[in-house]
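Let me begin by presenting the structure, written as structure tokens, before commenting on it.
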Amino acid sequence: MAVDFSIIGKRLKEARKKKGLTQEQLVEKMGVSIAYLSKVETGKIHINLERLSQICGLLEISEGEILNGVANYSEKYLQDEFYELLRNCSPKKQKLAYRILQVILQEI
């Protein structure tokens, strides 16, 4: 699965605006240029994980929310991931996974 950096950039821009920060304010905290942040927000350049983590820390948002579009506390958190795991399993493995999950949930 290819990473769509334009979507990541859009989510970062939305998170920045939601936090009430301008590009100028964010780049000052990051120590980068406005041109760099603008290219990240438009998906014209690929952001590395270290820089993504830095921005997410400043915006007080999880990397998962930026990468997946779903917050860790969302009702849909990991729903698609669970579905994909199970979809790729044989019926026998699905049944085993179901039983294991039942045991785990009974313990909580």
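The values are calculated or read from the model by the stated rules, or taken from the named source; none is laboratory data. Note that the structure is a prediction, hence the values are computed from the model and not measured. Reconstructed Cβ throughout: ideal geometry from the backbone, glycine too, with neighbour counts over all protein chains shown.
So the values come out like this:
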item: Those helices (runs of 4 or more DSSP H) lying entirely in region 1-52 with at least 1 residues among the small types (Gly, Ala, Ser) and closer than 13 Å to LEU67 by Cβ; result: 5-18
item: Selected residue [of a type in the set (Ser, Thr, Tyr) and at pLDDT 95 or above] from TYR77, TYR83, TYR36, TYR73; result: TYR36
item: Index of the failed condition, ILE61 passing every other in (1) assigned to a loop (DSSP other than H, G, I, E, B); (2) modelled with pLDDT under 90; (3) touching a helix residue (DSSP H, G or I) at 6+ places or on another chain (Cβ under 8 Å); result: (2)
